[in-house]
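J.: Please find one structure pasted underneath; my questions will follow.
The values are calculated or read from the model by the stated rules, or taken from the named source; none is laboratory data. Note that this is a predicted model, so its numbers are computed, not measured. Glycine gets a Cβ as well: all are built from the backbone with ideal geometry, and neighbour counts include every protein chain shown. What goes into the accessible areas is simple: the full protein's heavy atoms, side chains included, and nothing from ligands, DNA or RNA. Shrake-Rupley method; radii C 1.70, N 1.55, O 1.52, S 1.80 Å.
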Amino acid sequence: MSDPANLPCTHPLRERIAQAVRDVRARTPLAQSFTNFVTINLVANAQLAAGGTAAMSFLPDDVIDTAAISGADYVNVGTLLPFYKDALPQIARAFAKAGHPWVLDPVAAGIGKTRTEILNAFRAVPPTIVRANASEAIALASMWRLIDPDGASRPAGVESVDEVDAAVDAARAIARHLARYAPQGRAAVAISGKVDLVTDGERVFRIPGGSALMTKITGAGCSLGGVVATYLAVADPLTAALAASALYNRAGEAAERVAHGPGSFQVAFLDALWNVTPEQVAGSEILEQAAAQSADRSSGA
Amino acid sequence: MSDPANLPCTHPLRERIAQAVRDVRARTPLAQSFTNFVTINLVANAQLAAGGTAAMSFLPDDVIDTAAISGADYVNVGTLLPFYKDALPQIARAFAKAGHPWVLDPVAAGIGKTRTEILNAFRAVPPTIVRANASEAIALASMWRLIDPDGASRPAGVESVDEVDAAVDAARAIARHLARYAPQGRAAVAISGKVDLVTDGERVFRIPGGSALMTKITGAGCSLGGVVATYLAVADPLTAALAASALYNRAGEAAERVAHGPGSFQVAFLDALWNVTPEQVAGSEILEQAAAQSADRSSGA
Amino acid sequence: MSDPANLPCTHPLRERIAQAVRDVRARTPLAQSFTNFVTINLVANAQLAAGGTAAMSFLPDDVIDTAAISGADYVNVGTLLPFYKDALPQIARAFAKAGHPWVLDPVAAGIGKTRTEILNAFRAVPPTIVRANASEAIALASMWRLIDPDGASRPAGVESVDEVDAAVDAARAIARHLARYAPQGRAAVAISGKVDLVTDGERVFRIPGGSALMTKITGAGCSLGGVVATYLAVADPLTAALAASALYNRAGEAAERVAHGPGSFQVAFLDALWNVTPEQVAGSEILEQAAAQSADRSSGA
């Protein structure tokens, strides 16, 4: 297999990524979140540091009212309360009816009867983008019967036990499912790992970089999901997923250079989300997997 | 119209402000909060950094028990759960019956049926102080039928779409309403913006300063509400609102001088809440609007 | 009374402490938390900075599923919601049935009817370790009828009004109660204060050190409880309680040396949890109270 190729400097996707970064800073779009209690503060602060505006809600009437003025929404099923079992499907149906774009983070997919019921309910009214780790993507694709369930690994709580490469099939299958329901037929899946993977169901991109310290603070993944929603408020799903993933890797590297541990890393990371330039984000290494390689890997996954 | 006049250095209000800052640090008063999940940590940390003590509760039996040992309470309706619809009015009635002072932050007033029901229920058992942005103050005053509802702007989520000057009428009307129910007839309203506005219903003060980075972290407004409650535990409502607003502006300026972005700004802001002196807070520019000007502005708002 | 003696350098407990610190960093054990909304983020970040892995859940099906893959759990009753009244006893019974080790932080014990009902329900299915401040330990021991209730002080919200020395009897009585239910009969109680106290019901240890700034950030105590659970995933209860308490004191001292206030203290504290060495933790001053002294103090408390 030949090495995946870095996108040329003049590739149109790079200009779309730079434009998304600029547009968020210029327009400060509102992206609303229904998210977990552990990292809700970091999600909001990351969205603000990226240039957007944040609002968090849990009651369906609140979420649906606010969605009317938000560019995109973010739903994260990390910490569930009893009323979510009815509220989250109701919200997803309202988004579907309105054609409202949203990002799902299926945290800990595969654990807990309530979470499984909620995620299963999303199958018929799915998000525009799924942001997950490899294990969660595999669990979700299996739950939605998009891949052979025997391929699904055992859940490991909120941490992935699988490498990103093991989730290529799952990611593409999810993205194709989302695209069938999406406005204009466009959707994306972003898998976070040592190397991030982004796909629209056809093309598969890998974005290396970031910092190992991102796994030593809580919420790097959750807040990435929130920032994907911020970008989705101004860009198409593939661009939003690529831009947010690349921004996070560049910010992680900048933060690692000045950090003395996870505390100072998080502070420097938020500063870097604010300071990284559109050109730095758009100039990231973005490796596109050749179509043949995609097929090879799919059959070998 | 002549410029509003800065309060003289020897004005008694300045000494009351300095005394409030000192008293909080000396007495570490407990101010309890029923607040949103996004910024609950910053509210507590800001109250501690200002010198007070924090406790957060959501169950009526818990809140009412703790209120017996707290100097003042803070209620913020940012992120609602289903049981709040009954719990929050029950708590407000208990505070009213006990004559317990409390601060309301009507986050996102105007959005969501549940929030509107809760805020409407507070009309007859109102807080001692309202801390809000301009849009929220206008929405609340309209909801409570204290101003012409045609003056109310459309809500914009948790961000204000109105300037503070547009909310002078609303702020004064709310303060007068609160004063009618308040122990000793004293109440206040604090509106946050580029220039903060504080009124007891009669006198109107403007406090310039702060930092634009305060809008790039989540919870500057929420945590100000919490610190207003901390000061209300040791001071009268007008003094508490002025002291907290001035403290926040001084701390924001100190933090901006050393910040490299929103991450380091928040860290430096908490440090500054701890380090700003009572004299710096009390020496803030505090512009009092002349009575005639108040009328002018009111009719022109 | 002679001075309590510092454990010899070669004492086996010191090697067990060093090993626990090393094991957490090598094995990154998962410790799940059911904790309050104020400090939930700091609990997770402290567990990660100590080297562990974090997951937070609230629904019984979620908690019980995740407990199957977690080394120990942490339960903190700081901010209660209505459904906790049934959920928390159900979870405690499931832990008891499975022999699953867990740490309880009885925040604000003595305040609120719901909290009292929950804490009373834990009496028959108790945790392996209780982490509390002095007032909470006294309130819990009194509630569980393990000490003379006349010895119980009035609750003071989430802050202790009692010194650690006043809680020696309560701590030992609780530890003995826990041990009767614990797997292998081993349990511990850790009381936080200016000097921390740890007991397994028989032996009593005092660990001096730390920083006064630990009381000026919210969650030093809560996150200590979480880190105790992280250590409990790899060590016996006494070792876990000693290791976490010593780690916190060393990290607090390191953070105070570079902090300019509570904001920078918290950042430096998380960095220090990451950077403190196993040898520094195990080399802490650990004062063992002689058996006779224990009896003296008990009768004199």
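J.: Spot the failing condition for C:His260; the list is (1) open to solvent by 60 Å² or more (accessible area, probe 1.4 Å); (2) modelled with pLDDT of 95 or more; (3) more than 8 Å from every other protein chain (Cβ to nearest Cβ), and only one is missed.
T.: Just one mismatch for C:His260, condition (3).
J.: Output the number of residues of region B:204-217 satisfying the condition of being open to solvent by 20 Å² or more (accessible area, probe 1.4 Å) and hydroxyl-bearing (Ser, Thr, Tyr).
T.: 1
J.: Might you let me know whether region C:64-73 holds any residue that is touching a Cys at 6+ places or on another chain (Cβ under 9 Å) and either aromatic (Phe, Trp, Tyr) or surrounded by 24 or more Cβ atoms within 10 Å (Cβ to Cβ) (or both)?
T.: Just the residues of region C:64-73 that are touching a Cys at 6+ places or on another chain (Cβ under 9 Å), to begin with: none.
The answer is no, given that none of the residues of region C:64-73 is touching a Cys at 6+ places or on another chain (Cβ under 9 Å) and either aromatic (Phe, Trp, Tyr) or surrounded by 24 or more Cβ atoms within 10 Å (Cβ to Cβ) (or both).
J.: Working only within region A:218-234, note down all residues that are among the β-branched types (Val, Ile, Thr) and open to solvent by less than 10 Å² (accessible area, probe 1.4 Å). Steps first, answer last, please.
T.: Here is the first cut: in region A:218-234, the ones among the β-branched types (Val, Ile, Thr) are A:218, A:227-228, A:230, A:234.
Those that are among the β-branched types (Val, Ile, Thr) and open to solvent by less than 10 Å² (accessible area, probe 1.4 Å): A:Val227, A:Val228, A:Thr230.
J.: Suppose the filter is among the hydrophobic types (A, V, I, L, M, F, W, C), open to solvent by less than 10 Å² (accessible area, probe 1.4 Å), modelled with pLDDT of 95 or more and closer than 16 Å to A:Ala190 by Cβ; does A:Leu119 pass it? Break it down into steps so the answer makes sense when it comes.
T.: Numbers: among the hydrophobic types (A, V, I, L, M, F, W, C): yes; open to solvent by less than 10 Å² (accessible area, probe 1.4 Å): yes; modelled with pLDDT of 95 or more: yes; closer than 16 Å to A:Ala190 by Cβ: no.
For A:Leu119, the condition - among the hydrophobic types (A, V, I, L, M, F, W, C), open to solvent by less than 10 Å² (accessible area, probe 1.4 Å), modelled with pLDDT of 95 or more and closer than 16 Å to A:Ala190 by Cβ - is not met.
J.: So in region C:242-256, with the set limited to residues that are farther than 18 Å from B:Ala49 by Cα and open to solvent by 10 Å² or more (accessible area, probe 1.4 Å), which one is nearest to the other protein chains (Cβ to nearest Cβ)? Step through it out loud before you land on a result.
T.: Filtering region C:242-256 for residues farther than 18 Å from B:Ala49 by Cα gives C:242-251, C:253-254.
Going one step further and asking which of them are open to solvent by 10 Å² or more (accessible area, probe 1.4 Å), we end up with C:250, C:253-254.
Details: C:Arg250: 14, C:Glu253: 15, C:Ala254: 10 Å.
Checking each candidate, the answer is C:Ala254.
J.: Another one. Would you tally the residues in region B:1-46 being touching a strand residue (DSSP E or B) at 6+ places or on another chain (Cβ under 7 Å) and assigned to a helix (DSSP H, G or I)?
T.: 3
J.: Would you confirm, using the coordinates I've provided, whether B:Gly201 is touching a residue at least 12 places away in the same chain (Cβ under 8 Å), open to solvent by 10 Å² or more (accessible area, probe 1.4 Å) and small (Gly, Ala, Ser)? Write out each step before concluding.
T.: Numbers: touching a residue at least 12 places away in the same chain (Cβ under 8 Å): yes; open to solvent by 10 Å² or more (accessible area, probe 1.4 Å): no; small (Gly, Ala, Ser): yes.
In short, no.
J.: Does region C:123-138 include one or more residues that are within 17 Å of C:Val77 (Cβ to Cβ), modelled with pLDDT of 95 or more, out of contact with any Lys or Arg (no Cβ under 7 Å at 6 or more places or on another chain) and surrounded by fewer than 20 Cβ atoms within 10 Å (Cβ to Cβ)?
T.: Within region C:123-138, one or more residues are within 17 Å of C:Val77 (Cβ to Cβ), modelled with pLDDT of 95 or more, out of contact with any Lys or Arg (no Cβ under 7 Å at 6 or more places or on another chain) and surrounded by fewer than 20 Cβ atoms within 10 Å (Cβ to Cβ).
J.: Search region B:263-281 for residues that are at the interface with chain C (Cβ under 7 Å from one of its Cβ atoms) and within 11 Å of B:Ile217 (Cα to Cα) and pair each with any residue that is surrounded by 22 or more Cβ atoms within 10 Å (Cβ to Cβ) and not β-branched (Val, Ile, Thr) when their beta-carbon atoms are under 6 Å apart and the residues are at least 6 apart or on different chains.
T.: Close Cβ pairs satisfying both conditions: B:Val267/C:Gly263; B:Val267/C:Ser264; B:Phe269/B:Ala251; B:Phe269/B:Ala255.
J.: Moving to a separate point now. With the structure loaded, tell me whether C:Ala20 is in contact (Cβ under 8 Å) with a residue 60 or more places away in the chain and touching an Asp or Glu at 6+ places or on another chain (Cβ under 8 Å) or whether it fails that test. Can you show your working first?
T.: Details: in contact (Cβ under 8 Å) with a residue 60 or more places away in the chain: yes; touching an Asp or Glu at 6+ places or on another chain (Cβ under 8 Å): no.
Here the answer is no, as C:Ala20 does not meet what is asked.
J.: Could you look through region B:83-107, keep only residues that are open to solvent by 10 Å² or more (accessible area, probe 1.4 Å), under 18 Å from the mean Cα position of the chain (by Cα) and in contact (Cβ under 8 Å) with a residue 40 or more places away in the chain, and pick out the one that is nearest to the other protein chains (Cβ to nearest Cβ)? Don't jump to the end; show me each part of the working.
T.: Here is the first cut: in region B:83-107, the residues open to solvent by 10 Å² or more (accessible area, probe 1.4 Å) are B:83, B:85-86, B:89-90, B:93-94, B:96-101, B:107.
Okay, now just the ones that are also under 18 Å from the mean Cα position of the chain (by Cα), so B:100-101, B:107.
Filter once more, keeping what is in contact (Cβ under 8 Å) with a residue 40 or more places away in the chain: B:101, B:107.
Details: B:Pro101: 17, B:Val107: 9 Å.
Looking at residues that are open to solvent by 10 Å² or more (accessible area, probe 1.4 Å), under 18 Å from the mean Cα position of the chain (by Cα) and in contact (Cβ under 8 Å) with a residue 40 or more places away in the chain, I get B:Val107.
J.: Identify the residue in region C:36-48 that is within 9 Å of chain A (Cβ to nearest Cβ) and touching a residue at least 12 places away in the same chain (Cβ under 8 Å) and, among all such residues, is surrounded by the most Cβ atoms within 10 Å (Cβ to Cβ). So that I can check it myself, show each step before the final result.
T.: Kept after step one, since they are within 9 Å of chain A (Cβ to nearest Cβ), are these residues of region C:36-48: C:37, C:40-41, C:43-45, C:47-48.
Keeping just the survivors that are touching a residue at least 12 places away in the same chain (Cβ under 8 Å) gives C:37, C:40, C:43-45, C:47.
On the way: C:Phe37: 22, C:Ile40: 32, C:Val43: 30, C:Ala44: 26, C:Asn45: 29, C:Gln47: 30.
Out of the qualifying residues, it is C:Ile40.
J.: Go through (1) away from every other protein chain (no Cβ under 14 Å); (2) assigned to a loop (DSSP other than H, G, I, E, B) for C:Gly51 and report which single condition fails.
T.: Status for C:Gly51: all satisfied but (1).
J.: Report the residue count in region C:17-32 for those that are within 9 Å of chain A (Cβ to nearest Cβ) and under 16 Å from the mean Cα position of the chain (by Cα).
T.: Of the residues in region C:17-32, the ones within 9 Å of chain A (Cβ to nearest Cβ) are C:28, C:30, C:32.
When the remaining residues are screened for being under 16 Å from the mean Cα position of the chain (by Cα), the result is C:32.
Looking only at that region, the number is 1.
J.: Same structure, new question: Which of the residues spanning region C:214-241 are among the hydroxyl-bearing types (Ser, Thr, Tyr) and within 14 Å of chain B (Cβ to nearest Cβ)?
T.: C:Thr215, C:Thr218, C:Ser223
J.: What do you reckon, is A:Leu80 at the interface with another protein chain (Cβ under 7 Å from one of its Cβ atoms), hydrophobic (A, V, I, L, M, F, W, C) and in contact with a helix residue (DSSP H, G or I) (Cβ under 6 Å, 6 or more places away or on another chain)? Outline the logic, then answer.
T.: Details: at the interface with another protein chain (Cβ under 7 Å from one of its Cβ atoms): yes; hydrophobic (A, V, I, L, M, F, W, C): yes; in contact with a helix residue (DSSP H, G or I) (Cβ under 6 Å, 6 or more places away or on another chain): yes.
Taking the combined requirement at face value, the residue satisfies it.
J.: Checking the structure you have, find out if any residue of region A:54-66 is among the aromatic types (Phe, Trp, Tyr) and facing chain B (nearest Cβ under 8 Å).
T.: yes
J.: Oh, and also: All but one of (1) under 30 Å from C:Phe265 (Cβ atoms); (2) surrounded by fewer than 24 Cβ atoms within 10 Å (Cβ to Cβ); (3) free of Cβ contacts under 8 Å to residues at least 40 places away in the same chain hold for B:Pro60; state the number of the condition that does not hold.
T.: The single condition B:Pro60 does not satisfy is (1).
J.: Between residues in region B:170-183 that are farther than 9 Å from B:Pro237 by Cβ and residues that are open to solvent by 20 Å² or more (accessible area, probe 1.4 Å) and modelled with pLDDT under 95, which pairs lie under 9 Å by C-beta distance while being six or more apart or on different chains?
T.: Listed pairs, sorted by first residue: B:Ala170/B:Ile147; B:Ala170/B:Gly151; B:Ala170/B:Ala152; B:Ala170/B:Ala301; B:Arg172/B:Ser298; B:Ala173/B:Ile147; B:Ile174/B:Ile147.
J.: Quick check on region B:183-194: of everything there that is surrounded by fewer than 22 Cβ atoms within 10 Å (Cβ to Cβ) and farther than 25 Å from A:Arg25 by Cβ, which residue is farthest from the other protein chains (Cβ to nearest Cβ)?
T.: B:Gly185
J.: Separate question: Please verify whether C:Thr53 is touching a Gly at 6+ places or on another chain (Cβ under 6 Å) and closer than 27 Å to A:Gly263 by Cα, treating the condition exactly as stated. Step through it out loud before you land on a result.
T.: Details: touching a Gly at 6+ places or on another chain (Cβ under 6 Å): no; closer than 27 Å to A:Gly263 by Cα: yes.
Judged against the criteria, C:Thr53 is not a match.
J.: Within region C:4-13, can one find any residue that is within 14 Å of chain A (Cβ to nearest Cβ), surrounded by fewer than 24 Cβ atoms within 10 Å (Cβ to Cβ) and small (Gly, Ala, Ser)?
T.: So the first thing to find is which residues in region C:4-13 are within 14 Å of chain A (Cβ to nearest Cβ), and the list is none.
Within region C:4-13, not a single residue is within 14 Å of chain A (Cβ to nearest Cβ), surrounded by fewer than 24 Cβ atoms within 10 Å (Cβ to Cβ) and small (Gly, Ala, Ser).
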